[in-house]
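Values in this text are rule-based calculations from the coordinates and carry no lab data. Just so it is clear, the structure is predicted and the values come from calculations on it, not from any experiment. Here the Cβ positions follow ideal geometry from the backbone for every residue, glycine too, while neighbour counts run over all protein chains shown.
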Amino acid sequence: MSDSPKTMDDIVALCRRRGFIFQSSEIYGGINGFWDYGPLGTALKRNLKNAWWSDVVERELLGPDGEPIDIVGVDCTIIMNPKTWVASGHAGGFNDPMVDCRESKQRYRADHLVVLGRMAGDARLWAFVEGDDDARTRATKALCKYERIDAPGADHVLRPFTAISADERARCLGPAASEPGSLTEPRQFNLMFKTHCGALQDDDSMAYLRPETAQGIFANFWNVVDTSRVKIPFGIAQVGKAFRNEVTPRNFTFRSREFEQMEIEFFIHPSTAVEWYRWWRDWRFGWWQSIGLTSANLQLREHDRDELAHYAKNGAGTSDIEYRFPFTSPGYGELEGVAHRADFDLTQHANHCGKGEKMRYFDQARNERYFPHVVEPSAGADRGALALLCEAYTPDPSRPSGVVMRFHPRMAPIKAAVYPLTAKDGQPEIAERLYRELRRKHTIEFDEKQSIGKRYARMDEAGTPYCFTIDGETASTGSVTVRHRDTLQQERVAIDQVPTWLDERLGTA
């Protein structure tokens, strides 16, 4: 195996070539911030969501007290009554600072722009998007060429675009501009997509595509309590689409305008907030490791006080589970947030719907009425799939494909391949019978064309952990050859034992 570094260009190229991820409406030139999943990508993302749902909702999960946790599911609509977003604060406060470039007509998040140059005097300044190493390199080269120097000196500083003055903006070149002064003053931009419901398109019919899945859970809290045998502590889980009109979608699927969330709202008594927050934080961190993200690329970061969202200012804590993506390295990017939201959301909805104190939860065990507090583990399915792709991608010049995707077997889009070594001696017929038996339970590949080496290479790029080959010995010994993706080791297994052998290694026995 090679120690060659992973690059996003290589990973994106493999995703396109092997059918993991495509640019949305690519035949028409695409649309920025939107991505389609191909056959392998769809299977990978589905495996991730299924694993999350299975482990969170369906399987027994023991809490910090050793008792089973009760979590139920909902599936809420993408479009909700607009009052929902007034109560949640999104209608009035879900904004990003936006900057337009008059010359290039491009738009940027003001808080993503960094300015390089001498702030004193009338020297020219260069802006680039933070985290874009290529853009930073171009800005540095342009500065050196303009000032006729070999490298920036001590008086050349980096400063956030939002921190520079109007005079300094007038001296600044935008990332895609050729003349200074083209960047506008930052202005607020609401991230929610607007739409209309009904035949008339006016203010009365205006609605929004949801920017998060959480509010559907909060709005249905009382329905779930009234119709289900749940009591505090319990959780409500949901997997679904959300939409944010990002000013500058970037880094492949990491920051896009349409994405999928996997969220839990776990309702608790206020006095137990610290205990439950810490438990969810640690369990969620361990879960990502269990599906193949290594501790070396994964970190748990507690938020500083000045980072906390408004709903978490008085909470037990907020932390991010972060992954080291190639585009963030050596830093990290958020994969999942775990936050104690206190009782902000339920209180807001109770007050805005006009029922107020009447909607307090009655806790029979405590003989007490209160608005439950909430611990929210909120994960991105698209970011999770991207992290799995980045983690699995392994350059390996010794293989014909030059790369192998080392997915955890549970996440692998194709669990195994069944190949006849040749198209004679009854091998295709035996292989097809085995393929059909395995396919009853798993996603299996069957292929009898091209050389066995080329077929193995395709499975390496798809991340298939096992290949079963029917060869010249199968008819006489009743066994097949198993090729292991990661080690390239081969062993023989009795053909009638293959289903059990595979189940045991996939954890589905």
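Numbers for the structure displayed
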item: Burial ranking of peptide ranges 414-421, 363-370, 218-225 (average Cβ count within 10 Å, highest at the top); result: 414-421, 218-225, 363-370
item: Estimated distance in nm for a label pair at R439 and R124, the labels positioned 7 Å out from Cα along Cα-to-Cβ; result: 6.3 nm
item: Alpha-carbon Debye profile of region 150-225, log10 I(q)/I(0) at 0.19 Å⁻¹; result: -0.94
item: Modelled FRET efficiency - R0 22 Å, N81 with R187, Cβ distances, 0.05 increments; result: 0.20
item: Calculated log₁₀ intensity ratio I(q)/I(0) where the Debye formula runs over C-alpha points of region 103-171, q = 0.29 Å⁻¹; result: -1.51
item: Greater than 29 Å apart at Cα, pairs in K6/K141; K45/K194; K194/K231; K6/K105; result: K194/K231; K6/K105
item: Cα-derived Rg to Rh of the chain, Kirkwood definition; result: 1.03
item: Cα-centre dipole for the chain with unit charges at Cβ (Lys and Arg positive, Asp and Glu negative), debye to 20; result: 700 debye
item: Peptides 278-289, 472-483, 147-158 ordered by average Cβ neighbours within 10 Å, highest first; result: 278-289, 472-483, 147-158
item: Scaled radius of gyration (Cα, divided by 2.2 N^0.38 Å) that region 1-63 gives; result: 1.54
item: Filtered trypsin sites (Lys or Arg not before Pro), region 25-68: DSSP coil and at most 15 other beta carbons within 10 Å; result: R59
item: Reachable lysines from K49, criterion Cα separation under 16 angstrom, eight or more residues apart if same chain; result: K241
item: Rough spin-label spacing in nm, given labels placed 7 Å along Cα→Cβ, for I149 and D396; result: 4.8 nm
item: Ordering of 236-243, 335-342 by burial proxy (mean other Cβ atoms within 10 Å per residue, highest first); result: 335-342, 236-243
item: Theoretical ellipticity at 222 nm over the chain - DSSP helices of four or more residues, -39500 (n - 2.57) apiece, nearest 500; result: -8500 deg cm²/dmol
item: Quarter of the Cα convex hull surface for region 59-162, i.e. its orientation-mean projected area (nm²); result: 14.0 nm²
item: Cα shape, region 414-506, gyration tensor, a/c 1.5 rule; result: rounded
item: Kirkwood hydrodynamic radius of region 172-321, from inverse mean 1/r over distinct Cα pairs, in Å; result: 19.5 Å
item: Tail weight of P(r) past 12 Å, computed on alpha-carbon pairs of region 228-268, percent; result: 67 percent
item: Length-normalised contact order of region 95-189 in % [C-alpha pairs under 8 Å, at least 6 apart]; result: 38 percent
